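The values are calculated or read from the model by the stated rules, or taken from the named source; none is laboratory data. Treat the numbers as computed from the prediction; the structure is a model and nothing was measured. Methodologically, a virtual Cβ is constructed for each residue, glycine included, from the backbone with ideal geometry; neighbour enumeration extends over all protein chains shown. When the accessible area is computed, the model is the full protein with side chains, heavy atoms only, and any ligands, DNA or RNA have been set aside. Shrake-Rupley method; radii C 1.70, N 1.55, O 1.52, S 1.80 Å.
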Protein chains: 4
Amino acid sequence: MTGPSRREFVQATAAISLVAATGSAMRLKAAEDAKMTTKAFDYQHSPVPLPFDAKSLKGISEKLIQSHWENNYGGAVKALNTVRSRLAQALSDTSTPPYVYNGLKREQLIRTGSVVLHELYFANLGGDGKASGDYRTRIAASFGAFDTWEAEFRKIGQGLGGGAGWVVLGYNERLKLLENYWLADHGTNPPYTTPVLVMDMYEHAYQMDYGAAAAKYIDAFFANIRWDKVAERLSV
Amino acid sequence: MTGPSRREFVQATAAISLVAATGSAMRLKAAEDAKMTTKAFDYQHSPVPLPFDAKSLKGISEKLIQSHWENNYGGAVKALNTVRSRLAQALSDTSTPPYVYNGLKREQLIRTGSVVLHELYFANLGGDGKASGDYRTRIAASFGAFDTWEAEFRKIGQGLGGGAGWVVLGYNERLKLLENYWLADHGTNPPYTTPVLVMDMYEHAYQMDYGAAAAKYIDAFFANIRWDKVAERLSV
Amino acid sequence: MTGPSRREFVQATAAISLVAATGSAMRLKAAEDAKMTTKAFDYQHSPVPLPFDAKSLKGISEKLIQSHWENNYGGAVKALNTVRSRLAQALSDTSTPPYVYNGLKREQLIRTGSVVLHELYFANLGGDGKASGDYRTRIAASFGAFDTWEAEFRKIGQGLGGGAGWVVLGYNERLKLLENYWLADHGTNPPYTTPVLVMDMYEHAYQMDYGAAAAKYIDAFFANIRWDKVAERLSV
Amino acid sequence: MTGPSRREFVQATAAISLVAATGSAMRLKAAEDAKMTTKAFDYQHSPVPLPFDAKSLKGISEKLIQSHWENNYGGAVKALNTVRSRLAQALSDTSTPPYVYNGLKREQLIRTGSVVLHELYFANLGGDGKASGDYRTRIAASFGAFDTWEAEFRKIGQGLGGGAGWVVLGYNERLKLLENYWLADHGTNPPYTTPVLVMDMYEHAYQMDYGAAAAKYIDAFFANIRWDKVAERLSV
């Protein structure tokens, strides 16, 4: 895993002590943002490199994963960056009708979804697919049995075969529930949820290797899961 | 319909005490779940009462907010609970085709979105609408200026007038960005995002009081924002 | 925005007289278009007046139907006209990324849906709601029984209550089937289908009169159906 | 599952002979339906064979088009047939909540879209891609110039690259307009529109041959258009 971890975003020591003087509850995040000079409109995202050797996956070819990262993920990063600058223009132009503006906001949402979900997807690949007892127990605690979880996760994936979307095991922070979600596209997501395991079901994730045989891709996905990454996300 | 009951998915008591003993990083959440006996299929959500006096809002009538809470939010809670038990049945019935199953998963996502977003919406109402300097500074740090934030938030809302959707100021935990999002419906959401300020733009949020005049409702919404709640969410 | 004006797309006078001379099977439609000076980009839609007295509906108030026509339908017409001219600009500006262009195309589709469905909706209201034997027989021929049709049409409507969408009885020209369709929003539609009976389930169709009681609105809708209009559409 | 069977919805023989006698304007379609024994719930669709030799396309491999027809189109036919029988069951079971029913109606709409659009797509392939003067003139009459039409059609397609959807040149029967439409998925469609030229932009239409290079696929699509089929649809 060579991508910027969460840690790397949070080194705002100086900034924090500065903010600490204000006494406000908003200190931490404000400082963090400040240091990164991230602005809602100005921010430009840099692609996160593949966190594993593209040759190393079992049953997913180097050619496919490289194209997936470069064209689909990379394209989403580029599009998001462009949309963000267009938003700034459109907002400052008072003649922009709200529904035209929202056409851009929709693109921002879709591309944000694509960027974030792809990064989480790549980051939970590259493992040996073996869920240790701990992980199985944690998931069983929510689903009754580990196999019930896996059966549902796979079923959602099969239902998306030949179409587009994602399957996400996520922890809903409001409902305090660990559950599987069906996502119709990059812009469909559960609210206020920490994604824990993310499976891409867009056809670019498997067509090149498996044609229409989505079920075989799902097998390959499971064989490459990094369960330590899943655990890390669960204990956030 | 005589499919295996939800009961058959639940054997978690033993599993949970096992988890409690592992000492892993996953303990905390598992314990939390256990206490709430939340299970992916068994969980039944109880409606959260309105966190303010229904008569107390400025420019939003008691009748409207009461109907909003009871019928729209309450209806979503009931539907979510029903869908959850249907999911357990459908999963245990191996003749359920994946795309039929996903029809139910879609309803689960939509109702989850409605329940969670409504609770966050009601919780950020009931205030005096006055953003203190601290809050303004925090938002300005992301948007360049507080007024830029407000202009965009309102513009998105206006573009949704006469239709359906939500406007959400949210902190994207992956991109480390505080930004405004346009949501087309309950199932559209930014991924991995902590909602900070939530405005309902479904017509049930204003038609009864304002007819088609969505802009007036947006004014009323701003006049009732609980900024301390916004701050609390920002510092999660 | 100083892109080439819409004018630059229009040089069709000569082209049209040319078409008139070809003697091809395509003449009829071309001539029709010509008469209406309709162009893909230049066309500006004029609102169609309410085809009945706004005071005359049973159980749907003058105030509501007037607001529905003026604000929701009228707003869609205005938005569609604006989007159309923005499309011409955006297409002629070669720096417009395709995904930004498609943000506008989405708005065009949504507004086209709203304009067309609203016009069909108003046009099938204003009647006495009494389906004569002929109409009942025609519908029974597809649904087994008239009551089965009505039960499904109403059920779809109830499922949309508190949300947004349309219910459409339509004749699918490809499948040669008369069936009911669930529409999630203005942009969701069955392909290649002649709408026969259209019911608006956006909340602006009933909130002002019935609050959240969508079922009462569905009753009122049925009491005002113009069945002769339904018959006319069936025999197109 | 012991709900009343689909049979219980079917009593149409008598009804149909009755219709035949009414002499009403609705006769034609009723008779047509009768002959095809099409019923809203009972109808089962048979796959339409590829209307050209799978080996004959330029730049689209036999393997891809065969898989496209068999798995994606064929799968949609099968799913639609299954959903239709589930609808009959669900409607006759009065305990089915409307929103659960609409989960199935959504699947019906999506699969109907997939079946119909795929059939139209295959039917407008297999030609030499050469638009004669007549066709160019007809399209120019709506778009100002043939090249403007082509530029927009291609641009919409490029914007859908790496995702999912369709591009449709269609004649809107209500607006009397020939225009290009962006479709986000099988369930997104313009209302009351006769599709004239249909291009599949789901990744299964090109990934196997072109990987992520959607633009090359669009070139191949144009090289295989059957313009006589386009003309035929225009003069319906």
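See the values below:
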| item | result |
| --- | --- |
| Verdict on B:THR112 being of a type outside the set (Gly, Ala, Ser), more than 22 Å from B:PHE222 (Cα to Cα), in contact (Cβ under 8 Å) with a residue 12 or more places away in the chain and within 9 Å of chain A (Cβ to nearest Cβ) | yes |
| Condition met for D:SER85 (hydroxyl-bearing (Ser, Thr, Tyr) and within 14 Å of chain A (Cβ to nearest Cβ)) | no |
| Leading residue by the ranking (surrounded by the most Cβ atoms within 10 Å (Cβ to Cβ)) among those in segment B:186-196 that are at the interface with another protein chain (Cβ under 7 Å from one of its Cβ atoms) and over 13 Å from A:LEU109 (Cα atoms) | B:PRO195 |
| Residue tally, condition surrounded by 24 or more Cβ atoms within 10 Å (Cβ to Cβ) and either without any contact (Cβ under 8 Å) to a residue 60 or more places away in the chain or more than 8 Å from every other protein chain (Cβ to nearest Cβ) (or both), over segment C:198-213 | 8 |
| Enumeration of residues in segment A:144-155 that are of a type in the set (Gly, Ala, Ser) and open to solvent by less than 20 Å² (accessible area, probe 1.4 Å) | A:GLY144 |
| Pick from segment B:96-111, criterion closer than 20 Å to B:HIS186 by Cα and either touching a strand residue (DSSP E or B) at 6+ places or on another chain (Cβ under 7 Å) or of a type in the set (A, V, I, L, M, F, W, C) (or both), ranking: surrounded by the most Cβ atoms within 10 Å (Cβ to Cβ) | B:ASN102 |
| Residue match in segment C:105-123 (condition: β-branched (Val, Ile, Thr) and more than 16 Å from the chain's Cα centre (by Cα)) | no |
| Some residue of segment B:84-95 being farther than 19 Å from D:PRO97 by Cβ and open to solvent by less than 30 Å² (accessible area, probe 1.4 Å) | no |
| Some residue of segment C:165-172 being touching a residue at least 24 places away in the same chain (Cβ under 8 Å), open to solvent by less than 10 Å² (accessible area, probe 1.4 Å), in contact with a strand residue (DSSP E or B) (Cβ under 9 Å, 6 or more places away or on another chain) and among the polar types (S, T, N, Q) | no |
| Search result, residues across segment A:120-134 that are open to solvent by 10 Å² or more (accessible area, probe 1.4 Å) and facing another protein chain (nearest Cβ under 8 Å) | A:ASP134 |
| Candidates A:PRO98, A:PRO47, filtered to the one that is at negative phi, facing chain B (nearest Cβ under 8 Å) and modelled with pLDDT of 90 or more | A:PRO98 |
| Residue match in segment D:135-151 (condition: within 27 Å of B:VAL83 (Cα to Cα) and either in contact with a strand residue (DSSP E or B) (Cβ under 7 Å, 6 or more places away or on another chain) or in a helix (DSSP H, G or I) (or both)) | no |
| Some residue of segment D:146-164 being under 30 Å from C:GLY161 (Cα atoms) and without any contact (Cβ under 8 Å) to a residue 60 or more places away in the chain | yes |
| Filtered residue count, segment A:201-236, keeping only those that are under 18 Å from the mean Cα position of the chain (by Cα) and in a helix (DSSP H, G or I) | 14 |
| Which numbered condition A:ALA151 fails, given (1) under 18 Å from the mean Cα position of the chain (by Cα); (2) within 9 Å of chain B (Cβ to nearest Cβ) | (1) |
| Leading residue by the ranking (surrounded by the fewest Cβ atoms within 10 Å (Cβ to Cβ)) among those in segment A:64-83 that are within 17 Å of A:LEU125 (Cβ to Cβ) and among the hydroxyl-bearing types (Ser, Thr, Tyr) | A:SER67 |
| Count - residues of segment C:179-236 that are modelled with pLDDT under 95 and under 26 Å from D:GLY165 (Cβ atoms) | 0 |
| Subset of segment A:65-85 [modelled with pLDDT of 95 or more and of a type in the set (Lys, Arg)] | A:LYS78 |
| Residue in segment B:145-165 that is of a type outside the set (Ser, Thr, Tyr), in contact with a Phe, Trp or Tyr (Cβ under 7 Å, 6 or more places away or on another chain) and over 20 Å from A:ARG106 (Cβ atoms) present | no |
| Residue within segment A:156-175 that is within 7 Å of another protein chain (Cβ to nearest Cβ), of a type in the set (Asp, Glu) and not in a helix (DSSP H, G or I) present | no |
| All positions within segment A:135-147 that are of a type outside the set (A, V, I, L, M), facing chain B (nearest Cβ under 7 Å) and in contact with a helix residue (DSSP H, G or I) (Cβ under 6 Å, 6 or more places away or on another chain) | A:THR137, A:ARG138, A:PHE143, A:GLY144 |
| Which numbered condition C:GLN158 fails, given (1) open to solvent by less than 20 Å² (accessible area, probe 1.4 Å); (2) of a type in the set (S, T, N, Q); (3) over 19 Å from the mean Cα position of the chain (by Cα) | (1) |
| Any chance A:THR13 is open to solvent by 50 Å² or more (accessible area, probe 1.4 Å), β-branched (Val, Ile, Thr), at pLDDT below 95 and farther than 30 Å from B:SER235 by Cβ | no |
| Matching option when the condition is more than 7 Å from chain C (Cβ to nearest Cβ) and of a type in the set (A, V, I, L, M, F, W, C), among D:LEU183, D:LEU178, D:LEU234 | D:LEU183 |
